[in-house]
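The values are calculated or read from the model by the stated rules, or taken from the named source; none is laboratory data. Model, not experiment: these values are computed from the prediction. We place every Cβ from the backbone using ideal geometry, glycine too, and count neighbours over all the protein chains shown. Protein only, heavy atoms only, side chains kept; ligands, DNA and RNA dropped before computing areas. Shrake-Rupley method; radii C 1.70, N 1.55, O 1.52, S 1.80 Å.
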Amino acid sequence: MQAPRVIAFDADDTLWHNETVFARAHEQYRELLSHYHDIDTVDRILFATEMRNLRLYGYGVKGYTLSAIETAIELTEGKISSEEISLLLQRGREMIDHPVELLDHVTPTLNALSPQFELWLITKGDLHHQQSKLDRSGLIKQFQTIEIVAEKNASVYANILRRHNCAPEEFLMVGNSMKSDILPVLSLGASAVYVPFHLTWEHERTDEKPEAPDRYHKLDHLGELPGLLDRNI
């Protein structure tokens with residue numbers, strides 16, 4: 001792996017907990033609809049609704065909440081009460097206001113890397129909510145560049161690199177999503193470090209494997225990143 005000039009980090013489930021918040025909310029959602037349908041049906045219809053609405057609402061809590069309400073109306077054939085819909089809205093607000101919980105090793109890792117590398121944050125989702133989480137995380141001063149995007153694919157990464165005059169050979173992306181953080185970056189000729197999280201949203205799952213062994217590494221946790229860079233550059 002060539003020595004990077006820039007190390008970019010994903011945010012959700014790379015720097016702080018995100019999917020755990022969704023998982024707890026989804027368990028409550030399943031319980032709410034358990035009188036109408038089994039878990040598999042609830043999961044299947046909600047995911048289909050989210051995918052159908054993705055181009056309209058984008059990623060994040062707001063899109064999830066609207067899709068959850070739409071799905072609840074469909075699965076209950078309109079029998080869901082206004083009180084239950086209010087409950088779903090309240091749970092959405094609670095998810096947005098949920099405290100930002102950093103993952104282990106985040107702060108010492110960023111502190112160790114910041115004197116040597118230019119650190120960026122590249123995350124996708126709702127602009128307002130992602131900015132709010134970053135502000136509350138205490139990490140904002142660690143990053144010279146912050147990009148909150150609607151999608152993370154090869155063309156989006158290429159545009160970011162072009163705007164910031166960063167060659168792919170100078171760029172290393174660190175994230176927990178093989179689909180969004182690793183494969184698109186490798187396809188550009190850049191490097192990537194995969195730090196999987198124990199929960200993965202179905203939309204982020206892929207069977208595709210990285211095919212750039214010289215530019216790809218997998219770690220058990222973020223605290224291993226400084227040592228990896230010391231050994232490989």
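Key figures
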{"read-out": "Average accessible area per residue (Å²) across the chain - probe 1.4 Å, nucleic acids and ligands excluded", "value": "50 Å²"}
{"read-out": "Amide hydrogen neighbours beyond the local backbone of Val174, cut-off 5 Å, H modeled", "value": "Ala8, Phe9, Asp10, Val193"}
{"read-out": "Selection from Cys166, Gln130, Ser82, by position along the positive dipole direction of the chain (Cβ)", "value": "Cys166"}
{"read-out": "For segment 117-233, size of Cβ-based charge dipole, Lys and Arg +1, Asp and Glu -1, in debye", "value": "240 debye"}
{"read-out": "Top positive-direction residue, dipole computed over the chain with Cβ charges, set Leu113, Ala68, Pro210", "value": "Leu113"}
{"read-out": "Backbone HN-Hα couplings from phi across segment 2-14 [Karplus 6.51/-1.76/1.60, Hz, Gly and Pro as x]", "value": "5, 4, x, 8, 10, 10, 9, 10, 5, 9, 5, 6, 10"}
{"read-out": "Accessible-area composition of the chain, carbon plus sulfur, in percent [1.4 Å probe]", "value": "51 percent"}
{"read-out": "Cα gyration tensor category, rounded, prolate or oblate, for segment 1-103 with a/c compared to 1.5", "value": "prolate"}
{"read-out": "Efficiency of FRET from Cβ geometry, Gln116 and Glu202, R₀ 41 Å, rounded to 0.05", "value": "0.65"}
{"read-out": "Size descriptor, Kirkwood hydrodynamic radius, that averages inverse alpha-carbon separations across segment 127-233, Å", "value": "15.0 Å"}
{"read-out": "Where labels lie 7 Å past Cα in the beta-carbon direction, separation of Arg44 and Ile73 in nm", "value": "2.3 nm"}
{"read-out": "Intensity falloff of segment 41-150 expressed as log10 I(q)/I(0), Debye formula with alpha-carbon point scatterers, at q = 0.22 Å⁻¹", "value": "-1.18"}
{"read-out": "R0 of 41 Å, Cβ-Cβ distance Ser81-Asp135: FRET efficiency to nearest 0.05", "value": "0.70"}
{"read-out": "Long-range amide H partners of Val149 with built H, under 5 Å", "value": "Thr123, Lys124, Gly125"}
{"read-out": "Phi to ³J(HN,Hα) by Karplus 6.51 cos²θ - 1.76 cosθ + 1.60 over segment 42-48, Hz, x for Gly, Pro", "value": "4, 4, 5, 6, 5, 4, 4"}
{"read-out": "Global size of segment 93-156 as Cα Rg and Dmax, reported in angstrom", "value": "12.9, 39"}
{"read-out": "In sequence order, calculated HN-Hα J values of segment 165-179 (Karplus, 6.51, -1.76, 1.60; Hz; x Gly/Pro)", "value": "6, 10, 6, x, 5, 9, 10, 10, 9, 10, x, 9, 10, 4, 6"}
{"read-out": "Overall form of segment 16-72 per C-alpha gyration tensor (a/c, 1.5; a/b vs b/c)", "value": "oblate"}
{"read-out": "Charge dipole (debye, nearest 20) of the chain; +1 at Cβ of Lys and Arg, -1 at Cβ of Asp and Glu", "value": "680 debye"}
{"read-out": "Computed magnitude of the charge dipole of segment 173-233 (debye, nearest 20; Cβ of K, R +1, Cβ of D, E -1)", "value": "80 debye"}
{"read-out": "Spin-label proximity, His221 to segment 6-25 - amide N less than 16 Å from point 7 Å beyond Cα toward beta carbon", "value": "13-17"}
